[in-house]
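In what follows, a structure is listed as structure tokens, so that the remarks can point back to it.
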């Protein structure tokens, strides 16, 4: 019978690594070692010493480990974030990976001591954009990295609409229109240069749905016009508006766009007459961008519930993309109707259990996927 050798080292004989060796370890090797740590351990490591903290957020380390690839680990977590005026800096989060509800308290005072009461406006790539009315500013935050940036309004006083936070490979941009301007002046903030650009003289007529952000796809933001519905877009590169020549499906009662972030553009619309939806359908823009291809119809019972929820007030309807899901939301209803693209199935996300029954409007949903390396 073979002899089994006990190769364990007793605590009495074990020795720790000489601190002098760690102190002389090349930065490149240390970065490589850190890249294998779980994210939770990674975040705790930041508080051990200033040297580790600086290595974690050094530009070489970020550029090496933040780019997505086939070997990248799955998201740390993925949330649908529910905002409401009565939450008072507390948000309900639905963890779409674990399928559970959580509460998140955002202590802006810890990140920005002089922050005034704020409103969440938009999210993108782990960043959240708040308005700070008393400070005449926006606040862009990465709560995972505990970093913020205060962005002053381009002019003062300034009233805006259609604000959309857009994530790019080089940072982020903030798009908005000056409210009440007859020419719909567009303003774009670029995080690379920390400054605003103004684009004058455009006169597109946008729909009256102020809950729907612009939909970013292939370098452009897409919007809809009132009836007769059409699609228009704002090109970030040259700052111009363009009305699409692609004909939309017929008998539409409302139109919303959604992008998957990888170049696909979807259309969600109600079908009916005289402003009454009898059914809802989902289309995808064809590969050549020349036509809309019908994908799915919403089951009849789900359609009846959704129509009864919004009472045919489709200006309250808005849509968003979240981790393979097309989410259809209503400003006056705390639930989400969503379509799982990979499974081609429709579902209802149930009401948050901690939400009081008396709240009847003001529900704003956002996709929130925490990203450690999203720079503000």
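Bear in mind these aren't lab numbers, they're just calculated from the coordinates by the rules spelled out. This one's a predicted model, so the numbers in the text were calculated from it and none came from an experiment. Don't worry about glycine lacking a Cβ; one is built from the backbone with ideal geometry, like all the others, and counts go over all protein chains shown.
When every residue of segment 334-343 is checked against the conditions, at least one turns out to be without any contact (Cβ under 8 Å) to a residue 12 or more places away in the chain and over 21 Å from the mean Cα position of the chain (by Cα). Taking the numbered list (1) free of Cβ contacts under 8 Å to residues at least 24 places away in the same chain; (2) under 17 Å from residue 95 (Cα atoms) in turn, residue 284 passes all entries but (2).
Entry remark, segment 223-246: residues being crowded, with 18+ Cβ neighbours inside 10 Å, under 22 Å from residue 287 (Cβ atoms) and touching a residue at least 40 places away in the same chain (Cβ under 8 Å) number 0 in total. Restricting attention to segment 133-165, the residues being more than 18 Å from residue 239 (Cα to Cα) and crowded, with 21+ Cβ neighbours inside 10 Å number 5.
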